[in-house]
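Since the structure comes first, as structure tokens, the remarks are kept for the end.
The values are calculated or read from the model by the stated rules, or taken from the named source; none is laboratory data. Keep in mind that this is a model prediction, so the values were computed, not measured. A quick note on method: Cβ atoms are made from the backbone with ideal geometry, for glycine too, and the neighbour counts reach across all protein chains shown. Note: areas computed on protein heavy atoms with side chains; ligands, DNA, RNA excluded. Shrake-Rupley method; radii C 1.70, N 1.55, O 1.52, S 1.80 Å.
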Amino acid sequence: MNSNPESRIPNPGLAFSGPDQPSMALIDACVHCGFCLPSCPTYVLWQEEMDTPRGRVYLMKAGLEGRAGMTPTFVSHFDACLGCMACVTACPSGVQYGPLIERTRAQIERHYTRPAGERLFRSMLFSILPYPSRLRIAMAPLVILGPLLRALERSGLLNVLPRRVRSLIAVAPQLTLGSLTTRMPEHTASVGTSRMTVAILTGCVQRLAFAAVNQATIDVLAAEGCTVEAPAAQGCCGALALHAGNIDQARVFAKRNIEVFEHANVDRIVVNAAGCGSSMKEYGELFHDDPAWASRARAFSEKVRDVSEVLIELGDPRMTRHPINARVVYHDACHLAHAQGVRAQPRALLAAIPGVELLSPAEAEICCGSAGIYNLVQPEPAMQLGERKARNIAALAPDIIATANPGCILQIAAAGRRLGHDWKIVHPIELIDRSIKGE
Ligand code: SF4
Ligand code: SF4
């Protein structure tokens, strides 16, 4: 029997067709130099050319030119990509890998039929995760079951479960009734004269599992002179859908938030989750060929900032920082460092806290394996990358780990637990908040 999966497909057909195809001009910017290879997590794991940025760009070109069909092998190389954008940082030729992989994934989701089990799993994720009201119901049992699941995880009894189910349990957040039911105030006045009016994205997982991060974001911004709006009508930013190829769903979410935040009429739209921020900065690209939305999407994206960018933009801090005596490892979330180029701002803000000894782990540019839903749909490489990251962090013996993405917090915590570390992992804004409040 022939084991080559492509040989079992009588007519794989053209890989790409219809709208949202990757751009040949962007593909042709790649000069095949290979400088991106050492930064690519899948190359680091497997040393396989077709699982490198260069190999994937080559496959996209073959797909566009009709030399490759939408086969399981073709799709597997794109499914294995974390979308971490480390290749964008490393590339000296300025290859824009972001729009290329997003369009390629859109093609895969439109034209490729996944096995039934995988279709079911993905459709379950995408019918729950981007909807906070459904997510609240789905996560409610964790308030009671969370500690039990952690105990079962530690005992090894969960090892009989399928890898995907174990991954779901491992990255499930610790929830309290309070975190599930907290609502952010829609309007928060600045402390003293207002320097800027901002609106914050409260997020999906963020507002339920990390409500304290949202509250700290509001408190710090208000303390530093911002009037803060948190529009109640906002929804998911579409990041999970966009990064997974569900581009039509991403556009629906994006349109809703463009309307809601236009109505808020603010100077800046502030985001504290790296994956959400990078998608919202790309709305202009998402609607570039839609005349009805292109200019509104561009205007929206121009206002989007990570919270660390806004705090630096505000200038000299108004509030005294009280000491926090701790060794703090700062982990660069890929969608903040690689996709948005925001590295210096969070470091500068943390370093300004008296007593903080700021540390960077080895291989800082390599993804922790969280990557949206990657750790759920590709659990094996995600686990390897998570443990690699955890070992590099453990070598620094930190008191606290700070990172600006909920997915990274959950992924690093899970990997750390597997290696025997019960780390304190926070968003940088929480440390700034505690320093201002003297807690
Ligand atoms: S996005 Fe990340 S995993 Fe994908 S090709 Fe680039 S470096 Fe590799
Ligand atoms: S570094 Fe850039 S130009 Fe060189 S192979 Fe990678 S993507 Fe292509």
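Just a few scattered comments:
- Enumerated helices (runs of 4 or more DSSP H) restricted to segment 354-439, each holding at least 2 residues that are acidic (Asp, Glu) and either over 30 Å from GLY245 (Cα atoms) or within 16 Å of the chain's Cα centre (by Cα) (or both): 428-437
- Of the set (1) exposed (fewer than 13 other Cβ atoms within 10 Å of the Cβ); (2) small (Gly, Ala, Ser); (3) away from ligand 2 (no atom under 16 Å from the Cβ), all apply to GLY146 but (1).
- For segment 79-114, the tally of residues that are in contact (Cβ under 8 Å) with a residue 60 or more places away in the chain, open to solvent by 30 Å² or more (accessible area, probe 1.4 Å), of a type in the set (Ser, Thr, Tyr) and out of contact with any Cys (no Cβ under 7 Å at 6 or more places or on another chain) stands at 1.
- Here is the figure for segment 378-387: residues that are over 9 Å from SER167 (Cβ atoms) and open to solvent by less than 20 Å² (accessible area, probe 1.4 Å) total 3.
- Taken as a whole, segment 40-63 holds at least one residue that is open to solvent by less than 50 Å² (accessible area, probe 1.4 Å), touching a residue at least 40 places away in the same chain (Cβ under 8 Å), farther than 19 Å from CYS367 by Cα and touching a Ser or Thr at 6+ places or on another chain (Cβ under 9 Å).
- Selection of segment 149-162 for residues being loosely packed, with under 12 Cβ neighbours inside 10 Å and under 26 Å from the mean Cα position of the chain (by Cα) yields only PRO162.
- Candidates ALA29, ALA62: the one that is out of contact with any helix residue (DSSP H, G or I) (no Cβ under 7 Å at 6 or more places or on another chain) and more than 25 Å from THR113 (Cβ to Cβ) is ALA29.
- From the list ARG296, ARG343, the one residue that fits, being free of Cβ contacts under 8 Å to residues at least 24 places away in the same chain, touching a helix residue (DSSP H, G or I) at 6+ places or on another chain (Cβ under 7 Å) and of a type outside the set (S, T, N, Q), is ARG343.
- Count of segment 122-141 residues, restricted to those that are open to solvent by less than 30 Å² (accessible area, probe 1.4 Å) and either of a type outside the set (D, E, K, R) or within 30 Å of ASP28 (Cβ to Cβ) (or both), is 6.
- Subset tally (residues that are more than 14 Å from ligand 1 (Cβ to nearest atom) and among the small types (Gly, Ala, Ser)) for segment 58-92: 5
- Some residue of segment 168-176 being open to solvent by less than 40 Å² (accessible area, probe 1.4 Å) and among the small types (Gly, Ala, Ser): yes
- Helices (runs of 4 or more DSSP H) completely within segment 201-244 that count 1 or more residues being touching a strand residue (DSSP E or B) at 6+ places or on another chain (Cβ under 7 Å) and surrounded by fewer than 23 Cβ atoms within 10 Å (Cβ to Cβ): 211-223
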